[in-house]
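See below for the structure under consideration.
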Amino acid sequence: MTANVAGYLLQMLAGRWLGVTGFSEFASLLAVQLLCAVPALAMQNVVAREVVRGAGLRAVRAMQWRCAALVAAVAVVLIPVVATVLHVGVPAAAAALGAAPALVILSGEQGILQGANQFRALATVLALAGTARVAPALIALALGGGSAGALLAAAGGLVVAAIVAGRIVGSATTGEPATASPRDSASPRRAASTATPMRDSTDPASRAESIAEPWRATTPSRADSRTRKSGAHSLAARLFGSAHPDAIGVLPVLRAVQVQAALMALSSADLIVVRIVLDDADASRYSLGTIATKIAFWLPQAVGVVLYPRMAQPTHSARAIRDALSVLSLIGIVAVVGAALAAPLAPLFAGQDYSPIQGMLWIFALHGAMLAVLQGALLSAIAVERTGLAMVTWVGLAVEVALMLAFADSIGSLIGIAVCVAAVTTTIVALVVLRTARNDDGPGR
């Protein structure tokens with residue numbers, strides 16, 4: 001909740017400080033940064049799932065670093081593309097994309113805590129991440145740093161948050177900070193650890209295991225000796241985790257990435273298209289209206305965080321999926337009603353320039369509420385490794401962009417198209433998920 005409130009505060013103040021003509025650039029770059037967070041969100045979900053299934057700390061952290069390296073390489077390639085498409089400066093595009101690798105590492109640490117059911121520590125990390133990202137950005141905006149300066153400051157804050165999160169994870173899971181290396185993840189002892197989830201540090205046996213681990217790691221196994229004798233493994237094998245039988249490759253993350261990418265693209269496409277179909281003033285008004293979308297979308301985030309480990313367990317998956325979609329729907333209704341009641345207050349916070357959209361805020365909130373239900377359904381698909389369901393969302397994205405480019409010429413028509421496409425996509429995905437859960441549900445679940 002702290003992270004979400006901090007994010008909304010950043011956008012509200014940016015809308016006032018950058019003005020109605022400059023906020024659309026900042027909002028579009030934030031949308032790009034949200035898309036950059038797709039690998040990070042996928043990383044958290046995959047790590048949490050693997051920890052629930054008994055993966056070791058070193059194995060999941062080795063996977064984090066491989067994925068972060070891939071994301072950094074892709075971000076460098078995308079900088080000129082983003083600058084050209086959004087008509088922004090290269091420094092601003094680089095600042096928006098530069099946060100991606102740090103987000104991957106940070107989300108991996110969050111996934112470890114989520115999978116280990118360390119929700120108190122996870123809440124601390126989430127609050128830290130939100131504060132570390134927003135506070136430096138607000139300072140940069142207040143000092144006149146503009147969009148590029150604010151996004152660069154936010155990226156620096158995320159790097160610090162990732163470092164601190166690693167320390168928190170070490171304390172929460174083993175009682176001591178732990179470091180990862182790909183070589184450690186290859187230890188044959190890890191094969192036995194897959195039978196049980198990560199144990200709490202208060203367990204004496206777990207603490208003893210943690211203390212003994214560094215000594216075991218320094219003793220070369222026969223498998224390690226054969227590896228040294230046979231020469232170096234190929235770069236592809238090391239990158240995708242196939243060099244060691246106990247390592248976790250990045251392919252599960254890539255499968256989850258396309259699910260999260262579909263969701264984030266569908267939730268952010270309007271913020272990118274708006275700079276193409278509307279003038280700067282209306283684009284900024286629309287961008288500010290999407291704060292209501294984001295509130296309704298991210299408000300129930302804790303539902304997925306808490307229920308996701310149960311979704312990943314076959315004996316609890318079906319019930320957890322039904323509970324998640326029910327709770328998300330109820331929270332969505334509350335968010336829409338709240339947006340309608342609070343609409344008259346919007347110009348007081350953002351300024352009178354944004355008064356034309358106050359009557360539409362409940363529609364923006366409805367958009368976010370439906371996307372929140374869609375997110376819950378897609379999270380369940382990742383938990384049970386049925387990621388092909390994301391194809392429905394990809395089709396919805398293509399339809400939405402095509403309709404917006406062809407017919408959207410005002411704020412009302414743009415948000416109307418977004419809501420209609422989200423409603424159809426969410427209904428289809430939710431029905432498929434519920435039907436699958438019902439088919440999988442057995443006695444005692």
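Worth a mention:
- Rg over Rh, two decimals, the stretch 296-445 (C-alpha only, Kirkwood Rh): 1.05
- Local electrostatic count, K294, Cβ distance below 15 Å [Lys/Arg +1, Asp/Glu -1]: 0
- ³J(HN,Hα) computed for each position of the stretch 406-415 - Karplus, 6.51 cos²θ - 1.76 cosθ + 1.60, integer Hz, glycine/proline x: 8, 10, 6, 9, 8, 4, x, 5, 5, 6
- Normalised by residue number, the volume inside the convex hull of the Cα atoms of the stretch 354-407 is 85 Å³ per residue.
- If you sort M311, M391 by accessible surface, 1.4 Å probe, largest first, the order is M391, M311.
- Rounded to the nearest 0.05, the FRET efficiency derived from the C-beta distance between A402 and H316 at R0 = 41 Å is 0.55.
The values are calculated or read from the model by the stated rules, or taken from the named source; none is laboratory data. Quantities reported herein were computed from a predicted structural model and do not represent experimental measurements. No Cβ is skipped: glycine too gets one built from the backbone with ideal geometry, and neighbour counts run over all protein chains shown. Surface accessibility is based on the protein's heavy atoms, side chains included, excluding ligands, DNA and RNA. Shrake-Rupley method; radii C 1.70, N 1.55, O 1.52, S 1.80 Å.
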